[in-house]
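A short worksheet on the structure shown next.
The values are calculated or read from the model by the stated rules, or taken from the named source; none is laboratory data. Remember, it's a predicted structure, so these values are computed and weren't measured experimentally. Methodologically, a virtual Cβ is constructed for each residue, glycine included, from the backbone with ideal geometry; neighbour enumeration extends over all protein chains shown. Keep in mind that these areas ignore ligands, DNA and RNA; they rest on the heavy atoms of the full protein, side chains included. Shrake-Rupley method; radii C 1.70, N 1.55, O 1.52, S 1.80 Å.
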Amino acid sequence: MGHEEAKTVALNPEAFSSAVSAHLQLPNGLDGEEHARWRGLVDSYLGPERVRAAEPEFARTAAEIVAGLRPGTVEAVMGLGASFAVRGMLRWLGWPEDLAGELVQWVKDNQAATRSGDRDATAEVARRYDAIVRGVVEPRRARPRAYQDVTAELARDRSLGRELSVEELVSVLRNWTAGDLGSMAACVGVIAYGLANHTELQDRLSQAVSDEEYEAILNELLRIDDPFVSNRRKATRPALLGGDEIAAGEVIHVHWTGANRDPRTFESPDEPRPSENAPENLVWGIGPHACPGRGLSLMELRVFFRALLGRFAIAAGTHGTRASYPVGGWESLEITLKERS
Ligand code: HEM
């Protein structure tokens, strides 16, 4: 599936439904008006004001991680990316910080289970995650006034005309955390690799560039090697897609990584051209299900790389193992940090 087909599918939810899973997936497994209602609730926690308010805490986490680094080799995905993503997310949601070790381990196990394609292993890690989230949600549901954090706010939320059930809370929070901790870690790996191989971009980011320009460069490095590989849709009626006949009921994968490297859309897919390629960049998806966490994620990545590049240069020459489908980017990536003089 190329860029045009990915857009066609994502922009036509009546023909390509998101209701592909038997599990409760809020809001991503919903269609139409029900999706719009849940999406409104999710968006109210992830808008620009919220992102601005969360930035100092994420910057503090990034500064702590960078302060603990020494010049030399470091592993970028699980070593840097996952620990930043997990610690930042715990603070943002108000979850106990001592969950960090368990969650980093969970991100690793989840990726291994996803890679293996073993349904039992995937179901087991999913159950483990739900138990972690329940452990956080239940005390907040029982004593809502005792907690002043984003999770407690969600537990008290009545914007849908009633409180969310524990199952619904777990589903919403799973979406904000489970998939995205792994994606964030993968994004750190992909960007570190891109910067090691494009010293001109690293030089640019080490100057006083605006947040907008900074994020445009990160977005373009993610386009080149999009680690958030694909999402599923189910055809509601027969369709013709890129010359292929799709039957009603058929499940197809919108392949964001492939779309973002389609040479019919991006003349030189490997070459970073931030402003030129921005309009067609599909790293965050498109249409009604486009990522509501885009602003939060880009802020997290920006504060992390500002902290890292503020102290170190990433040397050319990396060693790594590619992740395998359906996980994208690098499974592990060794980068070399050189202290700036
Ligand atoms: C870190 C990198 C991330 C990437 C590359 C990414 C990418 C995406 C993409 C491509 C979609 C579209 C899915 C579709 O069309 O079916 C999506 C959906 C979604 N993302 Fe992200 N995401 C990231 C992080 C986050 C974060 C941090 C959050 C929340 C805090 C988040 C929350 C969601 C939710 C709730 C949806 C479903 C939206 C809906 O169905 O309306 N994402 N994401």
Q. Cα to Cα, under 23 Å, and not fewer than 8 places away if on the same chain: which lysines meet these conditions relative to Lys7?
A. Lys234
Q: Would you list which aspartates and glutamates come within 12 Å of Lys108, measuring only between C-alpha atoms, while excluding same-chain residues fewer than 8 positions from it?
A: Glu331
(Q) Give the separation of the Cα centroids, region 252-311 to region 96-153, in Å. (A) 27 Å
**Q.** Residue-wise HN-Hα coupling along region 310-316, computed from phi with Karplus coefficients 6.51, -1.76, 1.60 (Hz; x: Gly, Pro)
**A.** x, 10, 10, 9, 8, 6, 5
Q: At 1.4 Å probe size, with every protein chain present, just tell me what the per residue accessible area of the chain comes to in Å².
A: 45 Å²
Q: Collect residues whose amide H, placed 1.01 Å from N in the peptide plane, falls under 5 Å from the amide H of Leu241; neighbours closer than 5 in sequence don't count.
A: Ile246
(Q) Normalised radius of gyration for region 244-341, please: alpha carbon Rg relative to 2.2 N^0.38 Å, two decimal places. (A) 1.39
Q | With every protein chain in place, region 39-114: carbon and sulfur % of accessible area (1.4 Å) | A | 55 percent
Q.
About the Cα centre, and with charges only on the beta carbon of Lys, Arg (+1) and Asp, Glu (-1), how big is the dipole of region 152-199? Nearest 20 debye, please.
A. 60 debye
Q) Quick one: if you stick a label point 7 Å off each Cα along the C-beta vector at Asp118 and Val209, how many nm between them? A) 4.3 nm
Q | Förster radius 51 Å - calculated FRET efficiency between Arg158 and Ala278 (Cβ-Cβ, nearest 0.05) | A | 0.85
Q: With unit charges on the beta carbon (Lys/Arg positive, Asp/Glu negative), name the residue among Leu173, Val125, Ser183 whose Cα is farthest towards the positive pole of the charge dipole of region 76-197.
A: Leu173
Q) With the contact rule set at Cα under 8 Å and sequence spacing of 6 or more, what percent relative contact order holds for region 283-341? A) 27 percent
Q) Taking the chain as a Gaussian network, where each spring joins two C-alpha atoms under 10 Å apart, which residue of Ile65, Ile314, Ile217 fluctuates the most? A) Ile65
Q: Give me the number: length gained by fully extending Glu200 to Glu4, i.e. 0.36 nm times residue separation minus the C-alpha to C-alpha distance, one decimal in nm.
A: 67.5 nm
Q. Measuring from the lowest to the highest alpha carbon on each principal axis, how far does region 89-150 reach, largest first, in angstroms?
A. 42, 19, 15
Q. Over all directions, what mean area does the Cα convex hull of region 3-339 project, stated in square nanometres?
A. 17.0 nm²
Q: Give the relative contact order (percent, whole number) for the chain; include only Cα pairs under 8 Å separated by 6+ residues.
A: 29 percent
**Q.** Under Karplus coefficients 6.51, -1.76 and 1.60, residue-wise ³J(HN,Hα) of region 189-200 in Hz, glycine/proline x
**A.** x, 5, 5, 4, 5, x, 6, 5, 9, 9, 4, 5
